[in-house]
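Chemist: The structure is given below, and queries will be raised subsequently.
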There are 4 protein chains.
Amino acid sequence: MKALIYHGIDKKDWEEKPKPTINKTTDAVVKILKTTICGTDLHIMKGDMPAVTDGRILGHEGVGIVEEVGSSVSNFKKGDHVIISCVTSCGKCEYCKKGMYSHCEDGGWILGYMIDGTQAEYVRIPHADNSLYHIPAGSDEEALVMLSDILPTGFECGVLNGQVKPGDTIAIIGAGPVGLAALLTSQFYTPAEIIMIDMDDNRLAVAKKFGATQTVNSSDGKAVEKVMKLTHNRGVDVAIEAVGMEATFEICSDIITAGGHIANIGVHGKSVALHMETLWSKNITITTRLVDTVTTPMLFKTVQSNKLQPKQLITHHFKLSQIIEAYDTFGHAAKEKALKVILTNE
Amino acid sequence: MKALIYHGIDKKDWEEKPKPTINKTTDAVVKILKTTICGTDLHIMKGDMPAVTDGRILGHEGVGIVEEVGSSVSNFKKGDHVIISCVTSCGKCEYCKKGMYSHCEDGGWILGYMIDGTQAEYVRIPHADNSLYHIPAGSDEEALVMLSDILPTGFECGVLNGQVKPGDTIAIIGAGPVGLAALLTSQFYTPAEIIMIDMDDNRLAVAKKFGATQTVNSSDGKAVEKVMKLTHNRGVDVAIEAVGMEATFEICSDIITAGGHIANIGVHGKSVALHMETLWSKNITITTRLVDTVTTPMLFKTVQSNKLQPKQLITHHFKLSQIIEAYDTFGHAAKEKALKVILTNE
Amino acid sequence: MKALIYHGIDKKDWEEKPKPTINKTTDAVVKILKTTICGTDLHIMKGDMPAVTDGRILGHEGVGIVEEVGSSVSNFKKGDHVIISCVTSCGKCEYCKKGMYSHCEDGGWILGYMIDGTQAEYVRIPHADNSLYHIPAGSDEEALVMLSDILPTGFECGVLNGQVKPGDTIAIIGAGPVGLAALLTSQFYTPAEIIMIDMDDNRLAVAKKFGATQTVNSSDGKAVEKVMKLTHNRGVDVAIEAVGMEATFEICSDIITAGGHIANIGVHGKSVALHMETLWSKNITITTRLVDTVTTPMLFKTVQSNKLQPKQLITHHFKLSQIIEAYDTFGHAAKEKALKVILTNE
Amino acid sequence: MKALIYHGIDKKDWEEKPKPTINKTTDAVVKILKTTICGTDLHIMKGDMPAVTDGRILGHEGVGIVEEVGSSVSNFKKGDHVIISCVTSCGKCEYCKKGMYSHCEDGGWILGYMIDGTQAEYVRIPHADNSLYHIPAGSDEEALVMLSDILPTGFECGVLNGQVKPGDTIAIIGAGPVGLAALLTSQFYTPAEIIMIDMDDNRLAVAKKFGATQTVNSSDGKAVEKVMKLTHNRGVDVAIEAVGMEATFEICSDIITAGGHIANIGVHGKSVALHMETLWSKNITITTRLVDTVTTPMLFKTVQSNKLQPKQLITHHFKLSQIIEAYDTFGHAAKEKALKVILTNE
């Protein structure tokens, strides 16, 4: 089969690899129908994640058709259409039993990272019964690729951890795909105001279309002042960090109101300053989370009932064999006005 | 009447002041029976809280007898024995309605800070109906002084925010009065292991007597290693910070297990480093809180039913008129093996 | 002034009464701008609530202008436009401190029941600071009458107690004003399916317009079968009872899925059969609640931000002086296709 | 091997049966070390559960040694000492993912009911990875038999669902083994008062020893009056039903205070009257639950740390081969003063 292979910093290729096979009785092999590229894949290409070794097939999102299952897989059979979760979960360790699949003792986020991933014609999925989800006939499968990672990430790490409530004023810092996923899913809980903060006017315009009630361009360094003005100096009930840098984290802690919630989604490479000299008495919560994908069934129901339109996040389409070109487009997201790209295995 | 007056950094005196009177219909004047000194009072004396002005009567804890009430006070009458809460709450602002009395728009922590306090023969209590609690006849009033501040602080900021559960392994950093209050009240939820961390062996011995299952002297800088060893490298489910310094906060973030809770009680004067480069994916919560005293009725029930013995926290007794001497003893807490001192208005 | 007076079963009159005055320092007198009639008022007229005495002014909903306040009222002053809550709360008893205003020791639902109510030109509101809510200039005051009772009732007793979640399948039994209020506010939490059950096709048509995804006419006694069919024999996650009869309560317990929530809103006059022989092992919760109006500020924010349009519930308009005629219309709600009527004090 | 076989109403025998074998790759065969008899087994013997067929091996509790595991079992291996959970869970269906193991689509309570159980020398355990728990060397294995069913049942259905809090006044109706398990585990949350209600003075004496603060003998039909008197007419915050009859359920609804929780544990054979005419406005919750055993790991930690002494529940010991005699003793529990009997496979 063909696959996108990582060969070290800035080196990748679309090349021939052996088709994966069942290793354990709990595995499934899935033929990819649609996959996509994640910001994390770009980080890997830059060498930010040295645990990824030369020869690794990247990708942790996608939908496909089950090709083969191990002998103890009972929820799926050959021919089933499935969503592939970015998180693999065994369903039987201490963490899985608590719904913390991200820390599964025999899984977690490993696809396209510690084991071969979905940017290929076929992929092996460990613990298939707990890591795949059925797609009913007639579904829009392209839209469902958004359920692999980006929607549960925005929802669990941002919206649920931020405890968004009806009538709340919330801010989301970062209008990239994950920030926009938080924006879409925050509306499940009917906040009164959603302030979107980013440095790119195009992304802010998209945010407006997706439901933001206010947008703030932070490139002048005055995001805090602007948010305080918009909130009549009260600050926000929930601040969702969807960037992963000290500057954006500090915006969160500067605009949070007493009793508020800062929900971090961003992947951070360095420590940040936490202003406990003011925060200690503000009765706030700060949360961190690697997505557990425990809400995938809930999100799926909202898609099936048209309460959520994931398709809005898709801006570009390629054949899977054009993946190098797709990486190029996605790598220049601002210029290309790209959110999520869909790669189709034809 | 006589009162302890603040006259600027390191200057205080026990001197004559006018007896307080009813200013508003919601006020009460309370004759002090017992009061105490808080670590915060020492901070004020050092000049750490410049908002406290020359001439202020210090003190925010105590029990007393109602001397006089304003015309709209309905819960209390002259002669009632009462606990004075360190937090004044109006009961009708946005924050009070949410149980966040600490941020009351016409109250919060103001006693012995923005208005005259309890280290005096009499004190005026604003919003008396919401800021005092009845003491039934026959109660041990000395023990109930601990309900003014220290027990709700340890319980709300540490134990409740830390979400201590049966079977948990928890650590409390700082075995001063507030850390010990967290230790006592954490046992309401039956954790399996309670690791107490401090630099003073005497306080650690007290902690052992109060229910700590393990103690760690952190003066060698090896607290993290020791806790990881005690927890078989798993870390703790809950880490309660009861000191208010960067070093102790970092211990918390170094020993917290995935999915755990860091509950800050300590008053911080500076920012701390938050190691988001490791914490971002650990699914933790960090909380801050100025005590709301919303649990005072619950704590009172646990004292009345002998589930909590606050008296254990009291190490020294003085007459109220000996308050200068009491400050001296409490100011050398380690040497004097002092936890809480009781001052009696005889 | 003029007021609607209860004179025993089926006897009422619009007659002259003395204008109310301040009795306690915490009272306000409010000039009524708009009021309405509640199903409960009809129950009173039928004699179902014998605690209501001859001479009582009915009514517990409305908006108005503050005419006068007692000396300890601090949140409101003469001239303020206000929503009158159907529940009076002192803000300082054990129940108010827990947010259970319905059981306030010096309040609860007393307006137009134990004390004179809002179907009059003026009304005295006890504990005004905790029982009134500010209306900003430029608001649609007519719509805000729905915040006095009906919207918090549907939301608190039905939606919050029912724990409605994104993706849920819910059923609401009873499409009267309160059931429709539950329907509108349930959408704050984005359920996938909302099945509305009633015996009146007109009300079901209204429900469809208000967001119900399915409607079931239960007049043939086959509601349970129809709901089970609609849910592929799974039943519903949440069943909200908005009628108050044994038959409708039993529908709830027959259609609830394992792990589901039955939230009762209806006022019951008799006991109901609870089928514990099947329910004991179904892991369900059943809740009851007299509205606390603790969510009024939250609901107000959703109205101000256009997430909720209470005006949809209003079908008829009268002058306050035409209240006898309005009672007649509301008393024949099905025939008149009446939901809520607005009475304006001109 | 030898096993206790059900042969229809009141007929059982200790007879030879084939030793179980691995049917599925997820099975384990466990050699029983210790087992016990449950009240449910007596119900089966009386014919109350007609789904149990002639030839069935009874029993759903026990500890043992793993004899053999299927090829996809990864948490356990031959020789491991294990607790057998009364509930079998696949770990991969919709219900297991929500922690509602009791409703597992390929499990739930099936042991000794739909499939052969633990009152035998060997038992086959389906979905072994999710249905067994490790016992560390040196543990008191006899005590751990109480973790199979009775302790999670009392804790989950009674204490957790009842939301017992520090300072609460709670009542437990029924001082049989499950009611006593609720009594022991309710103390994890430090209620102020625990009122135990039963008709047997011996069991009430045991309850007193186990931590009840008050006991009420209900044989005179005056339980409600007595509880109201003990609570100064306030009623209880939590009422735990551990019998399963209408009369005891009604005691719960008569003694519950406004805002309280009724948690049903009892297995009911008939419907009960629910007094909605008074309860509708009392802001209460009623819960039902078939034990999920999701708290077994938490309970295990409390046993290991000596916060819970399950051994107190054991009153009688027999050899497994004496099981007919043990049934006789347990069947006359009141006369024999029996709580739990331990059967040892020697």
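Chemist: Which residue pairs have Cβ atoms closer than 8 Å, lie 6 or more positions apart in sequence or on different chains, and pair a first residue in segment A:290-313 that is free of Cβ contacts under 8 Å to residues at least 40 places away in the same chain with a second residue that is of a type in the set (Ser, Thr, Tyr)?
Modeler: From segment A:290-313, the pairs are A:Ser305/C:Thr213.
Chemist: Is segment C:327-346 home to any residue that is at pLDDT below 95, in contact with a strand residue (DSSP E or B) (Cβ under 6 Å, 6 or more places away or on another chain) and more than 10 Å from every other protein chain (Cβ to nearest Cβ)?
Modeler: Looking for residues that are at pLDDT below 95, in contact with a strand residue (DSSP E or B) (Cβ under 6 Å, 6 or more places away or on another chain) and more than 10 Å from every other protein chain (Cβ to nearest Cβ), one finds at least one in segment C:327-346, hence yes.
Chemist: Please name all residue pairs, on different chains or six or more residues apart, with Cβ atoms under 8 Å, provided the first residue is in segment D:328-346 and is within 12 Å of D:Asp200 (Cα to Cα) and the second residue is among the charged types (D, E, K, R) and surrounded by 14 or more Cβ atoms within 10 Å (Cβ to Cβ).
Modeler: Note: pairs meeting the criteria are D:Ala334/D:Asp200; D:Ala334/D:Arg203.
Chemist: If you go through segment C:254-264, how many residues are at the interface with chain D (Cβ under 7 Å from one of its Cβ atoms), open to solvent by 10 Å² or more (accessible area, probe 1.4 Å) and closer than 21 Å to C:Ala175 by Cβ?
Modeler: Result for segment C:254-264: 0.
Chemist: Can you tell me which condition B:Val303 does not meet? The list is (1) under 17 Å from the mean Cα position of the chain (by Cα); (2) open to solvent by 40 Å² or more (accessible area, probe 1.4 Å); (3) within 14 Å of chain D (Cβ to nearest Cβ), and all the others hold.
Modeler: Going through (1) under 17 Å from the mean Cα position of the chain (by Cα); (2) open to solvent by 40 Å² or more (accessible area, probe 1.4 Å); (3) within 14 Å of chain D (Cβ to nearest Cβ) one by one, B:Val303 breaks only (2).
Chemist: Only one residue in D:Val291, D:Val267 is farther than 30 Å from C:Val243 by Cα, part of a loop (DSSP other than H, G, I, E, B) and within 14 Å of another protein chain (Cβ to nearest Cβ). Which one? Spell out the reasoning first.
Modeler: Values: D:Val267 fails: farther than 30 Å from C:Val243 by Cα.
Step by step, each of D:Val291, D:Val267 is checked, and only D:Val291 is farther than 30 Å from C:Val243 by Cα, part of a loop (DSSP other than H, G, I, E, B) and within 14 Å of another protein chain (Cβ to nearest Cβ).
Chemist: Further, regarding this structure: Going by the conditions given, is C:Gly64 open to solvent by less than 30 Å² (accessible area, probe 1.4 Å) and within 17 Å of C:Gly331 (Cβ to Cβ)?
Modeler: Working: open to solvent by less than 30 Å² (accessible area, probe 1.4 Å): yes; within 17 Å of C:Gly331 (Cβ to Cβ): no.
No; evaluated as a whole, the condition is false for this residue.
Chemist: Another question, then. Within segment C:108-117, is even one residue in contact (Cβ under 8 Å) with a residue 40 or more places away in the chain, in the same structural domain as C:Val206 (by TED's automatic domain parsing) and small (Gly, Ala, Ser)?
Modeler: no
Chemist: Additional query: Across segment C:185-220, what is the number of residues that are farther than 17 Å from C:Thr287 by Cβ and in contact with a Phe, Trp or Tyr (Cβ under 6 Å, 6 or more places away or on another chain)?
Modeler: 1
Chemist: Hey, another quick one. Taking A:Ser89, is it of a type in the set (S, T, N, Q), assigned by TED's automatic domain parsing to the domain that holds A:Thr35, more than 20 Å from A:Cys157 (Cα to Cα) and in contact (Cβ under 8 Å) with a residue 40 or more places away in the chain? Steps first, answer last, please.
Modeler: On the way: of a type in the set (S, T, N, Q): yes; assigned by TED's automatic domain parsing to the domain that holds A:Thr35: yes; more than 20 Å from A:Cys157 (Cα to Cα): no; in contact (Cβ under 8 Å) with a residue 40 or more places away in the chain: yes.
Against the criterion (of a type in the set (S, T, N, Q), assigned by TED's automatic domain parsing to the domain that holds A:Thr35, more than 20 Å from A:Cys157 (Cα to Cα) and in contact (Cβ under 8 Å) with a residue 40 or more places away in the chain), A:Ser89 does not qualify.
Chemist: Being of a type outside the set (Asp, Glu) and over 19 Å from the mean Cα position of the chain (by Cα) narrows it down to one residue among B:Ala171, B:Ala143, B:Ala120; which is it? Lay out the reasoning, then the answer.
Modeler: Numbers: B:Ala171 fails: over 19 Å from the mean Cα position of the chain (by Cα); B:Ala143 fails: over 19 Å from the mean Cα position of the chain (by Cα).
Of the residues listed, the single one that is of a type outside the set (Asp, Glu) and over 19 Å from the mean Cα position of the chain (by Cα) is B:Ala120.
Chemist: Condition first: within 21 Å of B:Ile323 (Cα to Cα) and surrounded by fewer than 21 Cβ atoms within 10 Å (Cβ to Cβ). Now tell me which residues in segment B:116-135 satisfy that.
Modeler: Selection gives B:Glu121 alone.
Chemist: Please tell me if D:Glu193 is within 14 Å of another protein chain (Cβ to nearest Cβ), over 24 Å from B:Phe300 (Cα atoms) and open to solvent by 10 Å² or more (accessible area, probe 1.4 Å). Reasoning before the result, please.
Modeler: Numbers: within 14 Å of another protein chain (Cβ to nearest Cβ): yes; over 24 Å from B:Phe300 (Cα atoms): no; open to solvent by 10 Å² or more (accessible area, probe 1.4 Å): yes.
No, not satisfied.
Chemist: Given the criterion surrounded by fewer than 19 Cβ atoms within 10 Å (Cβ to Cβ), more than 14 Å from chain A (Cβ to nearest Cβ) and basic (Lys, Arg), identify the matching residue among C:Lys319, C:Lys282. Break it down stepwise before answering.
Modeler: Details: C:Lys282 fails: surrounded by fewer than 19 Cβ atoms within 10 Å (Cβ to Cβ).
Only one candidate qualifies: C:Lys319.
Chemist: I would also like to ask the following. Could you list all residues from segment B:165-185 that are within 14 Å of B:Val236 (Cα to Cα) and more than 11 Å from every other protein chain (Cβ to nearest Cβ)?
Modeler: Filtering segment B:165-185 for residues within 14 Å of B:Val236 (Cα to Cα) gives B:165-173.
Once the filter is applied, which keeps residues that are within 14 Å of B:Val236 (Cα to Cα) and more than 11 Å from every other protein chain (Cβ to nearest Cβ), segment B:165-185 yields B:Ile170, B:Ala171, B:Ile172, B:Ile173.
Chemist: What are the residues in segment B:94-115 that are surrounded by fewer than 24 Cβ atoms within 10 Å (Cβ to Cβ) and within 26 Å of B:Glu16 (Cβ to Cβ), if any?
Modeler: Result: B:Ile110, B:Tyr113, B:Met114, B:Ile115.
Chemist: Which of the residues belonging to segment B:270-279 are under 21 Å from A:Trp109 (Cβ atoms), facing another protein chain (nearest Cβ under 7 Å) and either open to solvent by 30 Å² or more (accessible area, probe 1.4 Å) or outside any helix (DSSP H, G or I) (or both)?
Modeler: Here is the first cut: in segment B:270-279, the residues under 21 Å from A:Trp109 (Cβ atoms) are B:275-279.
Filter again for facing another protein chain (nearest Cβ under 7 Å), leaving B:275-277, B:279.
Correct list: B:His275, B:Glu277.
Chemist: Related question: Out of segment D:314-327, which residues are farther than 30 Å from B:Thr213 by Cα and either charged (D, E, K, R) or in contact (Cβ under 8 Å) with a residue 40 or more places away in the chain (or both)? Walk me through it before giving the result.
Modeler: Here is the first cut: in segment D:314-327, the ones farther than 30 Å from B:Thr213 by Cα are D:315-327.
Once the filter is applied, which keeps residues that are farther than 30 Å from B:Thr213 by Cα and either charged (D, E, K, R) or in contact (Cβ under 8 Å) with a residue 40 or more places away in the chain (or both), segment D:314-327 yields D:Lys319, D:Leu320, D:Ser321, D:Ile323, D:Ile324, D:Glu325, D:Ala326, D:Tyr327.
Chemist: Now, a different point. Considering only segment B:206-215, I want to know if a residue exists there that is open to solvent by 30 Å² or more (accessible area, probe 1.4 Å) and farther than 30 Å from D:Gln309 by Cα. Reasoning before the result, please.
Modeler: To start, the set of residues in segment B:206-215 that are open to solvent by 30 Å² or more (accessible area, probe 1.4 Å) comprises B:208-209, B:213-215.
If we keep only those that are farther than 30 Å from D:Gln309 by Cα too, we end up with none.
No, that holds for no residue.
Chemist: All but one of (1) touching a residue at least 12 places away in the same chain (Cβ under 8 Å); (2) within 29 Å of A:Ala128 (Cβ to Cβ) hold for D:Lys97, so report the exception by its number.
Modeler: Single failed check for D:Lys97: (1).
Chemist: What number of residues within segment D:136-164 are open to solvent by 10 Å² or more (accessible area, probe 1.4 Å) and out of contact with any helix residue (DSSP H, G or I) (no Cβ under 6 Å at 6 or more places or on another chain)?
Modeler: 11
The values are calculated or read from the model by the stated rules, or taken from the named source; none is laboratory data. If you're wondering where the values come from, they're calculated on a predicted model, not measured in any experiment. Cβ atoms come from the backbone with ideal geometry, glycine included; neighbour counts cover every protein chain shown. Quick note on the areas: whole protein, heavy atoms, side chains included, nothing else; ligands and nucleic acids left out. Shrake-Rupley method; radii C 1.70, N 1.55, O 1.52, S 1.80 Å.
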